[in-house]
Structure formats: C-alpha cells, structure tokens
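The values are calculated or read from the model by the stated rules, or taken from the named source; none is laboratory data. Every value quoted in this text rests on a predicted model; they were computed, and no experiment measured them. Every residue, glycine among them, receives a Cβ derived from its backbone with ideal geometry; neighbour counts consider all protein chains shown.
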Amino acid sequence: MTQDLAALAKEKGIRYFMISYTDLFGAQRAKLVPAAAIADMQRDGAGFAGFATWLDMTPAHPDLFAVPDASAVVQLPWRRDVAWVAADCVMEDKHVTQAPRIVLKNAMANAAKEGLYIRTGVEAEFFLIDADGTQISDAKDNAAKPCYDQQALMRRYDVIAEICDYMLELGWGPYQNDHEDANGQFEMNWNFDDSLVTADRHSFFKFMVKSVAEKHGLRATFMPKPFPGLTGSGCHAHISVWDKDGKTNMFYDADDEMGLSAQGYNFLGGIMKHAEALAAITNPTVNSYKRINAPRTVSGATWSPNTVTWTGNNRTHMVRVPGKGRFELRLPDGAANPYLLQAVIIAAGLSGIHSKADPGKRYDIDMYQLGHTVKGAPKLPLNLLDALRAFDKDKALKAALGEDFSAAYLKLKHQEWNSYAGHFTQWERENTLDV
Ligand code: ADP
Ligand code: MG
Ligand code: MG
Ligand code: MG
Ligand code: MG
C-alpha cells in the first residue's frame, strides 16, 4: 500500500521532505519540499536538470523528475521535522534506465522472474576524522593493532551510540558496533534484508553517519583508503537468495560441505567469473585500488583481497563462506554506490546461474602468506582504468545491467579517469626531473 506523504506529514509533524536520488557516482541529490507541496510532488516528482548531476545527460535534456518511493520514507531521527525519501528518476513518463535505483529494480525484477529474491547485508566501514579532512580526529587512537580497541571505541561513544539508537528506532535491527582495524575506523552492523531495502538503508546510513559526525564537530568518510599504511574501508556484502515468501533459502543445502546448494555455487560462480569486470562498480574510484592490492598495513593485514579466489571461513580471500547458505563478497569498498553494488551482485549471480558457472577451486590457505602458490586465479584489476576496460569487455555483465546504464557509466568513469591521469603529481616531479 502506498503511503500518503501529506497524511504522514500531519501525523508525524514533518515540515519538509528531502526528495533524494542517487546518481551514477553515488552522490545523493535532493530537493527540500515543504509538506504543503508534497501531495503534488508525490504524484509528479520533483524536477531536476539531469546534466547538473552524474547521469550522462546534456543541458538540452527535458526535465528529470525524482518521484518519491513512499515505502522508503525515513523521518530523520536527529531532525524530526524533516523526512528523507528515496526517489526514482523519470523523464517524459519513462524510467531513466541508467539511474542507479532503477538499475537495481530492473536487476531484482530479472531475478524475480526466475523466482529468486536476493537478500543482503552490508558492512559499511568508515573513518571519523577532523572536520578539515586531513587527519584522524582522536590523537590518542594510535595503537598499531587498533581493532576492537575498547578505549578508543568509548571515546567515540557519543557518536556511535547516537547512530545506533537511531537504527534501533528505525527498526533496522542493529546488533553490534566496533572500532575497526585502522586508527579512527569504525563499523556498525544491522540486519540483512531485500536488496532494495538494504540499498536504501545503506544510502541513508551514509547520510546519517556524516550528519551525526558533523553535529559532533567531526567528519565521517567512507573513502576506501584515506590513510596510506592503514587498513582501508571495505563494504563487504553478505548474500543469500530466497523464494518469494522469504521462507526458503535457495542457497542452503544441509548436506553440502559448505552448506551451499548447486544454485548457490552457480551464483558464486557468476561472481567469480565476472569479478574483474564487476570491480569497476564495487570499487569505483581511483582511490579504491589503493585498498585492494595494497601492501601490508601497520596492523599486519589489509583484510582486502587482491586475487579472485574463494574459501570457507577465512578472511584472506575475495569470497568467504562464513556459514551455511550464504557467502560474503569482501571486494566492495566504501565508495561503492549502494544501488549499483546490489545490482551488480544480482546481475553477476544470475549470469552464473544461467551459465551454470563453476566457482573453481576452493583455497583454504592464508592468501596473504601463500598467495604466490595459487596458479591460474586472476588478479583483481590494479587500477580503475583496468577495471573499466574489464567491464567494457564483459558483454554479458553489461547486457545484464542494461546497455544504457553500462554505456553511461563507462563514459563518465572514463572521463573521471582521464581527469585523474591529467593531474600532475609531486611523484612525477621527484622521479622524472633528472631523467
Ligand atoms: P563479518 O563477520 O563479516 O564482520 P558482520 O556481522 O559484520 O560480519 O556483518 C554480517 C552482515 O551479514 C550483516 O549485515 C548480517 O545481517 C548479514 N547476514 C547474515 N546472514 C545473512 C544471510 N543469510 N544473507 C544475507 N546477509 C546475511
Ligand atoms: Mg531553477
Ligand atoms: Mg563486520
Ligand atoms: Mg569490518
Ligand atoms: Mg565482513
């Protein structure tokens, strides 16, 4: 049942709605609409100039309308007179096929046609840094192995508990918060759900963490590798696939050694097969490639993969099977677009099911120590350009995500790469001046 936003405003004392959509680079774009105008906006959407955001449009395109999905409305727990609502992009009465939330909805519809309903949980790690963005905000947080540091966690209690309280209030089922493996780094976990619910929550989580951090005079960043030498921010995704009623886990087979069904192995096979290409989406920035393929960090391990391998309950590989009936993709990072992350998992997994993809050999080794003994497993892309080229070559994945989306994404991301490559660096000067 579609909720009436004007009625909701009256009931909850909401004065303004943020009608928000996410563009191809993961930026959230919003209009702030007074409750008095929300009834019309709920029907027609809020108008935007698409070219002004990352959607691969020209200034000549007609109006882009962001039509709120009233089932995805969240009253801001830290500012109760405002509500955020995720919106779908529409132009001339048609869905904008490259808009990330639409890309995800289409991927989910493809899966549903085959009776498959994907459920995921994400672990969106972040750093709390100084407001100017240059350093960790807590000078005392300097242990070489800072993971689960009790003292450092409690010095940030006001921020972490406030966010966790809000997740409790919103009914997300948060269940733990910790200091992570880098100085200044934290993780907060809530329960998995349908891909779209998780993507909307993931988006809102990023907005909420940044907002609450700012309220406390700090800054939160999900940048994949904000500090060289320290562990980067991942965004692991845990994945299982269910029937329509959400009662039967289609990935679960009690008799299998890993607790995975044949379909589960094929889905995993799809992730493995498309890994080098899907990195262009799960690891979408120049900086992403300083997290994967990284040299050992101060803490002793990067906790991120460099090779396309899978394993059981072992955190040194790209995919871990931590328990029966699900697996964890450890590749994505904090820069991953919440919608495209979910979409590409579904697209790759379905492709694996269709082609009965074999995930290949399971490696039960410490990949950080013994990676050199693995022969034949592809290396993950070394930089964004390699990833974009791998994505461009992967016709099946591009088709599964939609040709409009894939072309738009590749075009804008190549532009971004070119902007980076054209940037003169101090390194060049230091290493080239005397040639
Ligand atoms: P990790 O051991 O990788 O650090 P966390 O507890 O931090 O694990 O995060 C696990 C995530 O996986 C949570 O979001 C959790 O809800 C989710 N999860 C657990 N079981 C499943 C499942 N069957 N399918 C999808 N996600 C799951
Ligand atoms: Mg105007
Ligand atoms: Mg975790
Ligand atoms: Mg973690
Ligand atoms: Mg994890």
Filter region 218-251 for residues that are farther than 23 Å from Leu329 by Cβ and of a type in the set (D, E, K, R); the one that is modelled with the highest pLDDT is Arg219
Can you tell me how many residues in region 140-193 are away from ligand 3 (no atom under 16 Å from the Cβ), out of contact with any Gly (no Cβ under 9 Å at 6 or more places or on another chain) and not charged (D, E, K, R)?
-> 14
Which residue, of His317, His238, is of a type outside the set (Ser, Thr, Tyr), surrounded by fewer than 24 Cβ atoms within 10 Å (Cβ to Cβ), within 16 Å of ligand 3 (Cβ to nearest atom) and closer than 23 Å to Met188 by Cα?
-> His238
Tabulated pairs, region 120-145, first under 30 Å from Gly325 (Cβ atoms), second more than 16 Å from ligand 5 (Cβ to nearest atom) and of a type outside the set (Asp, Glu), C-beta under 6 angstrom, 6+ apart or interchain | Thr120/Ser195; Phe126/Val209; Phe126/Ala220
Candidates Ile14, Ile38, Ile19, filtered to the one that is assigned to a strand (DSSP E or B) and either out of contact with any strand residue (DSSP E or B) (no Cβ under 6 Å at 6 or more places or on another chain) or not assigned by TED's automatic domain parsing to the domain that holds Lys411 (or both) = Ile19
Consider Arg119 against the criteria (1) closer than 28 Å to Leu5 by Cα; (2) away from ligand 1 (no atom under 16 Å from the Cβ); (3) assigned to a strand (DSSP E or B): it satisfies all of them except one. Which criterion is unmet?
-> (2)
Check every one of the helices (runs of 4 or more DSSP H) wholly within region 366-435 and list those with 1 or more residues that are touching a Leu at 6+ places or on another chain (Cβ under 7 Å) and among the basic types (Lys, Arg).
-> 403-421
For region 57-66, name all the residues that are in contact (Cβ under 8 Å) with a residue 24 or more places away in the chain and surrounded by fewer than 21 Cβ atoms within 10 Å (Cβ to Cβ).
-> His61, Pro62, Asp63
Does Val90 satisfy the condition of being buried (at least 22 other Cβ atoms within 10 Å of the Cβ) and touching a residue at least 24 places away in the same chain (Cβ under 8 Å)?
-> no
Report, by residue number, each residue of region 168-197 that is near ligand 1 (Cβ under 8 Å from one of its atoms) and either surrounded by 22 or more Cβ atoms within 10 Å (Cβ to Cβ) or among the aromatic types (Phe, Trp, Tyr) (or both).
-> Tyr175, Trp190, Phe192
Conditions (1) within 16 Å of ligand 4 (Cβ to nearest atom); (2) closer than 30 Å to Asp4 by Cα; (3) in a helix (DSSP H, G or I): number failed by Arg43 | (1)
Note on region 98-127: residues within 16 Å of ligand 5 (Cβ to nearest atom), of a type in the set (Val, Ile, Thr) and out of contact with any Phe, Trp or Tyr (no Cβ under 6 Å at 6 or more places or on another chain) are Val122
